[in-house]
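Take a look at the structure set out below.
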């Protein structure tokens, strides 16, 4: 059987890029395709692989440049030839699912239906990019649905994604949650005094209200990540907030382990950050909607289900709600050992086995 695996683009170090690596590891015999590949920004795993890219590789070098080329990128992915493949597995939140597999099966591991098209206001906020995409929105949404119709089987990362696939694409899907690499994170019971944010610094991550909250709280906050909103967030942050930019895996694990708690601000279909924090024995203060309801045990849920809590929730994306949550957090005692034990359910090997078995059935 001839197999190919395809990712949207490999120009960053986000959760989807890591998950794609695990897919490639499980299907080591497969050819690897992507729209564009930047070895300086992608996981180091791919440097030793033969990555097949498109002509847009010259132009798309990061997430920001990808956004400008998104409409063209859908056509470029569509033009790739997969006629000789029996099975193609796409890892997609944007353009990978646009490929065509005329003689084989197309299975799509879907993180979310294209956020820029279906959560446009939240994704872009305000400005000329939002106005530009709105001019093409009806046309681009139609193309997105057409691409989804070419997928033989969707696999969703969560119930939230499954519901979105059903609502937007009118297709059923199975659920296999995304994993975390437990070997990279060390359980540490002794915590520091600082809070931590790990995130792409993008508008849809809703980090501005967290900066505002910690400006008022005057508590130490460390921020890991880069993105288009970086300059703005640094400009409004006070001296108690430190921006670390991009860090390596060892530094990330140390920051997770030593943090008093990790702050998680967005509405997401899943969210690997809270699980990575838990793997280090660190609790999370998070916006209590979306995928975290499937992965975290809130202080309220722990009382009902007699489970050890891993997080405290707040229910409005405002600085006031977050400030109150941080104050509430101080009233609870969390067990670092039990939090780390909770994260063990999301290991890589379990993910690979579930994926392999589901694809065998298909």
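The values are calculated or read from the model by the stated rules, or taken from the named source; none is laboratory data. Since this is a predicted model, take the numbers as computed values, not measurements. FYI the Cβ positions are ideal-geometry reconstructions off the backbone, even for glycines, and counts take in every protein chain you see.
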Among (1) within 26 Å of residue 161 (Cβ to Cβ); (2) free of Cβ contacts under 8 Å to residues at least 40 places away in the same chain; (3) touching a helix residue (DSSP H, G or I) at 6+ places or on another chain (Cβ under 6 Å); (4) in a helix (DSSP H, G or I), residue 309 falls short only on (4)
Has the stretch 343-359 got any residue that is over 30 Å from residue 152 (Cβ atoms) and surrounded by 14 or more Cβ atoms within 10 Å (Cβ to Cβ)?
-> yes
Among the candidates 69, 82, which residue alone is more than 22 Å from residue 140 (Cα to Cα), over 19 Å from the mean Cα position of the chain (by Cα), in the same structural domain as residue 175 (by TED's automatic domain parsing) and buried (at least 17 other Cβ atoms within 10 Å of the Cβ)?
-> 82
Of the conditions (1) assigned to a loop (DSSP other than H, G, I, E, B); (2) under 24 Å from residue 184 (Cβ atoms), residue 239 clears all except one; give me its number.
-> (2)
Return only the number of the condition from (1) out of contact with any helix residue (DSSP H, G or I) (no Cβ under 8 Å at 6 or more places or on another chain); (2) assigned by TED's automatic domain parsing to the domain that holds residue 67; (3) buried (at least 16 other Cβ atoms within 10 Å of the Cβ) that residue 151 does not satisfy.
-> (1)
Any residue at all in the stretch 102-120 that is assigned by TED's automatic domain parsing to the domain that holds residue 21, over 22 Å from residue 34 (Cβ atoms) and exposed (fewer than 15 other Cβ atoms within 10 Å of the Cβ)?
-> no
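Table: residues versus (1) exposed (fewer than 14 other Cβ atoms within 10 Å of the Cβ); (2) on the phi > 0 side of the Ramachandran plot; (3) in contact (Cβ under 8 Å) with a residue 24 or more places away in the chain.
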position: 135; (1), (2), (3): yes, no, no
position: 157; (1), (2), (3): no, no, yes
position: 176; (1), (2), (3): no, no, yes
position: 181; (1), (2), (3): no, no, yes
position: 195; (1), (2), (3): no, no, yes
position: 201; (1), (2), (3): no, no, yes
position: 211; (1), (2), (3): no, no, yes
position: 245; (1), (2), (3): yes, yes, no
Just a yes or no: is a residue in the stretch 274-286 in contact with a strand residue (DSSP E or B) (Cβ under 9 Å, 6 or more places away or on another chain), in contact (Cβ under 8 Å) with a residue 40 or more places away in the chain, under 17 Å from residue 206 (Cα atoms) and not assigned by TED's automatic domain parsing to the domain that holds residue 159?
-> yes
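Listed here are the residues, each with its yes/no results for (1) at pLDDT below 95; (2) assigned by TED's automatic domain parsing to the domain that holds residue 211; (3) surrounded by fewer than 14 Cβ atoms within 10 Å (Cβ to Cβ); (4) more than 20 Å from the chain's Cα centre (by Cα).
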{"position": "289", "(1), (2), (3), (4)": "no, yes, no, no"}
{"position": "312", "(1), (2), (3), (4)": "no, yes, no, yes"}
{"position": "325", "(1), (2), (3), (4)": "no, yes, no, yes"}
{"position": "332", "(1), (2), (3), (4)": "yes, yes, yes, yes"}
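The rows are residues; the columns are (1) assigned to a helix (DSSP H, G or I); (2) over 24 Å from residue 268 (Cβ atoms); (3) without any contact (Cβ under 8 Å) to a residue 12 or more places away in the chain.
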position	(1), (2), (3)
29	no, yes, no
42	no, no, no
47	yes, yes, yes
71	yes, yes, no
109	no, no, no
112	no, no, no
Of all the residues that make up the stretch 18-37, how many are in contact with a strand residue (DSSP E or B) (Cβ under 6 Å, 6 or more places away or on another chain) and more than 13 Å from residue 89 (Cβ to Cβ)?
-> 1
Taking the stretch 15-37 only, how many residues are farther than 17 Å from residue 81 by Cβ and buried (at least 17 other Cβ atoms within 10 Å of the Cβ)?
-> 14
When the stretch 280-306 is checked residue by residue, the ones that are in contact with a helix residue (DSSP H, G or I) (Cβ under 8 Å, 6 or more places away or on another chain) and in a loop (DSSP other than H, G, I, E, B) are 280, 281, 282, 283, 291, 296, 297
